[in-house]
1. Would you mind checking the radius of gyration and Dmax of the protein assembly as shown based on alpha-carbon positions, in Å?
2. Let me check I've understood the local charge: for A:Leu136, count other residues with C-beta under 14 angstrom from its C-beta, Lys and Arg +1, Asp and Glu -1. What total comes out?
3. According to the square roots a ≥ b ≥ c of the eigenvalues of the Cα gyration tensor, what is the shape class of the range A:71-117, taking rounded for a/c under 1.5, prolate for a/b larger than b/c otherwise, and oblate for the remainder?
4. GNM, chain B, Cα, under 10 Å: largest mean-square fluctuation among B:Pro51, B:Pro160, B:Pro137?
5. For peptide A:73-85, what's the mean number of Cβ atoms from other chains within 10 Å of each residue's Cβ?
6. Within the range B:128-231, which GluC sites (Glu not before Pro) sit in a loop by DSSP and count at most 13 neighbouring Cβ atoms inside 10 Å?
7. Classify the range B:82-156 from the C-alpha gyration tensor, please: rounded if a/c falls under 1.5, else prolate or oblate depending on whether a/b exceeds b/c.
8. Can you check what the net charge comes to around B:His199, using other residues whose Cβ is under 12 Å from the Cβ of B:His199 (Lys, Arg +1; Asp, Glu -1)?
Amino acid sequence: MPLLSIITAAHAGRADFLPSTGESVASQELPPGWELEWLVQEDGSEPHLAEIVETVPQARYHANGQQRGIADTRNLALSRARGDLVRTLDSDDLLLPGALAGPIERFAEHPELHWVATRPKYLDRDGTWFTYFLLLPTGIVRPRVVGDYLMRHRMCPLHCAGLTMRTASVRALGGWAANPRTEDIELLAALSELTLGYLEPEESWIYRMHDGQTVHDPAWGSNLVGTSYLMVHNRILAIRERV
Amino acid sequence: MPLVSVLTAAHADRAPLLPATGDSLAAQVLPAGWELEWIIEEDGPEPVLAPVAAAFPQASHRALGARMGVASTRNLALARARGDLVHVLDSDDLLAPGGLATVIDAFERHPDIGWVAGQADNLMPDGSRVAFEPLSPTGRVEAGAVNDYVLEHGRGPFHPAGLTVRTDLARAVGGWAALPRAEDMALVVAVAELAAGYHTPEVTWLYRQHPGQMTRGDDWPDLDPACWQAIRQRIESMRKWGKGV
């Protein structure tokens, strides 16, 4: 039976968001024969999300028992994944109906794909919705297209929080990078240099904006952002040098 | 002029040990034409190591101003390395006399290799050196052989702390991995799957044994199995896919 593993890195501060995230997972309809597991990995030295997560039948919860940061936490979840595909879902976001079926069908139609990106629907703090702009044409994304964009604009042309990827490819690349600010962009950069991907036109998840978002922390926007993009840039160039 | 970049991730507690690390670096005699730079990347919110670094003309110190952990800190050092080779040197360890020359010589004699693993002596608290047998045969190591060993024995065939890698190879595989433990072995398995290397019979570094070592922390073993699982999965996935840079 093919399996899709949803990876959610969480921490205690997300206790109010996680029940609805879990409901959005539990209500997903998958293509015939497919199953899902929801891997929740809790960061921090005082975990307390177990009870929330266990209300979702497909959940498999584990706590780090110490503060490790998001890349380590996602990679620890990845080490537990049993699915052929992994899908990222942030602990404060929600899957829309059909969020998983679309990418699974795309992999079936195009067996050469290694990743499928989808669009978020933004929910602002005041309850208004807005659309995430696509910076690349939808459909097949050829190798180097994402890398060229990243190096030219120092900005990722896709949203990394709604990616579905082949589990083995993510593992081969070392998972999410030890990169302080752009750990997920660096993973996508490496993957998209080497493999074909697909950009879906449809929105597949709700990106909830709130005051507790990591990106609103003043320390987040430090000079580490620039260095983090430099790490992405270096990796792209090094891959091009060697492949 | 060829350059080797020595990367040291450090934090404030290492202030008493770092001068000896720097002295061991300053005493290196390199093969003709080679130069070195020492990149000290200081982790943690209250940096104190700038004055220590200032005593060494080859050193370039940067403080991150926040706690990032050793893998990210090394990768930030890697991001600003200008050398063709990067050599990792822990902030509590020392280079052995002639250590870097041995490593560079191996790259010059084997132009196709991507990495060199060094040999260590333990450096005891009383200053004495205690040799130990290499875990695996020394000499040239073909691509994939390290990982055959890892899959069979569940550990690495050498200590990853004395590693030298071609800079572009280290960057292509994403540098040190985002894992709470064995982040350096996760790098080793990636480069050693893609490229042949060399395991020096000579001692190139000194492994300081002291109570502040990170591997001595009480919580150290907890996450070990998951990280070694991730390392095995990386090897198996690279082999299945035939890629991995």
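Every number here is computed from the coordinates shown, using simple stated rules; none is lab data. Source: prediction; values computed, not measured. Counting neighbours? That spans all protein chains shown, and the Cβs are built from the backbone with ideal geometry, glycine included.
1. My reading of the Cα-based Rg and Dmax gives 22.6, 68 Å.
2. So the surrounding residues net to +2.
3. oblate
4. Largest GNM mean-square fluctuation: B:Pro51.
5. 3
6. B:Glu142
7. oblate
8. Neighbourhood net charge equals -1.
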